[in-house]
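Undergrad: Dropping a structure here in structure tokens format, bear with me for questions.
The values are calculated or read from the model by the stated rules, or taken from the named source; none is laboratory data. On a predicted model such as this, the values are computed, not experimentally measured, just so you know. No Cβ is skipped: glycine too gets one built from the backbone with ideal geometry, and neighbour counts run over all protein chains shown.
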Amino acid sequence: MSRNRAHSQRHQYGFTLLEVLVALLVFSIGVLGLLGLWAGAVRYSTDAQQRADATFLADQLLGRMLISDPATVSTFAHRPGGTAKCAPTGAASTNALVTEWLAEVTGLLGAKATEDLQQIVVNPVNGQVTVKLCWQNGSDALHELAVTNLVQWQP
């Protein structure tokens, strides 16, 4: 009887080692899954923050337009041509307020949000202004936010 018992215990040691290895494997897969969730959460949080910043910047420009001289409305247009996403065409604005604003856009949205990606379309007849902001996170695709508003200057 004691011989069978000793033989049975030797098989138990190997089985316990196998259980520990399987437990380590399951734990490792769980940790990798958590890291993936964390990375996704950081990415989506950054994207949401940048969209909020872009909305703030567009609103800031519209506010600057409201307090400016209505006679200078056409000088706010910046690369007003082109319909392709983040590929505006046309002349850059020479208005000092727009130049300052473009520097703020690059500062807040990052180096990949250059002024040649941004677009301001102004319709002086009806006061409709469309601000399109473009930026890029690392190697992601370009992000675009467009805000259209009617600006009514007071005489």
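Undergrad: Of the residues T106, T114, only one is surrounded by 14 or more Cβ atoms within 10 Å (Cβ to Cβ), over 20 Å from N149 (Cα atoms) and modelled with pLDDT of 90 or more; which?
TA: T106
Undergrad: Related question: Considering each residue of the stretch 122-134, count those that are touching a helix residue (DSSP H, G or I) at 6+ places or on another chain (Cβ under 6 Å) and either within 19 Å of T83 (Cβ to Cβ) or of a type in the set (G, A, S) (or both), and give that number.
TA: Number satisfying all stated conditions: 4.
Undergrad: Check W38 against each of (1) of a type outside the set (A, V, I, L, M); (2) modelled with pLDDT of 90 or more; (3) within 30 Å of V147 (Cα to Cα) and name the one condition it does not meet.
TA: In the conditions (1) of a type outside the set (A, V, I, L, M); (2) modelled with pLDDT of 90 or more; (3) within 30 Å of V147 (Cα to Cα), W38 misses (3) alone.
Undergrad: Which members of the stretch 51-74 meet the condition of being in a helix (DSSP H, G or I) and either touching a Cys at 6+ places or on another chain (Cβ under 7 Å) or acidic (D, E) (or both)?
TA: If the condition is that a residue be in a helix (DSSP H, G or I) and either touching a Cys at 6+ places or on another chain (Cβ under 7 Å) or acidic (D, E) (or both), then D53, D59 are the ones that fit.
Undergrad: Does the stretch 75-95 hold any residues that are in a loop (DSSP other than H, G, I, E, B) and either basic (K, R) or within 17 Å of V125 (Cα to Cα) (or both), and which are they? Spell out how you get there, then give the answer.
TA: Within the stretch 75-95, the subset in a loop (DSSP other than H, G, I, E, B) is 77, 79-80, 82-88, 90-95.
Listed by number, the residues that qualify are A77, R79, P80, K85.
Undergrad: Of the residues in the stretch 42-89, how many are farther than 19 Å from G110 by Cα, among the hydroxyl-bearing types (S, T, Y) and under 24 Å from the mean Cα position of the chain (by Cα)?
TA: Count: 2.
Undergrad: Moving on to the next point. So, in the stretch 131-146, exactly how many residues are farther than 19 Å from Y44 by Cα and either modelled with pLDDT under 95 or of a type outside the set (V, I, T) (or both)?
TA: Taking the stretch 131-146 as the starting set, the residues that turn out to be farther than 19 Å from Y44 by Cα are 131-132, 146.
This time we only want the ones that are either modelled with pLDDT under 95 or of a type outside the set (V, I, T) (or both), so: 132, 146.
Number of matching residues: 2.
Undergrad: Looking at A71, A54 in this structure, which one is buried (at least 19 other Cβ atoms within 10 Å of the Cβ) and among the aliphatic types (A, V, I, L, M)?
TA: None of the other options fit; the residue is A54.
Undergrad: Determine whether A52 is at pLDDT 90 or above and either among the small types (G, A, S) or touching a strand residue (DSSP E or B) at 6+ places or on another chain (Cβ under 6 Å) (or both). Quick ask: steps written out before the conclusion?
TA: Working: at pLDDT 90 or above: yes; either among the small types (G, A, S) or touching a strand residue (DSSP E or B) at 6+ places or on another chain (Cβ under 6 Å) (or both): yes.
In short, yes.
Undergrad: On to the next question. In the stretch 128-155, what residues are part of a loop (DSSP other than H, G, I, E, B) and within 16 Å of D59 (Cβ to Cβ)?
TA: Answer for the stretch 128-155, where residues must be part of a loop (DSSP other than H, G, I, E, B) and within 16 Å of D59 (Cβ to Cβ): V151, Q152.
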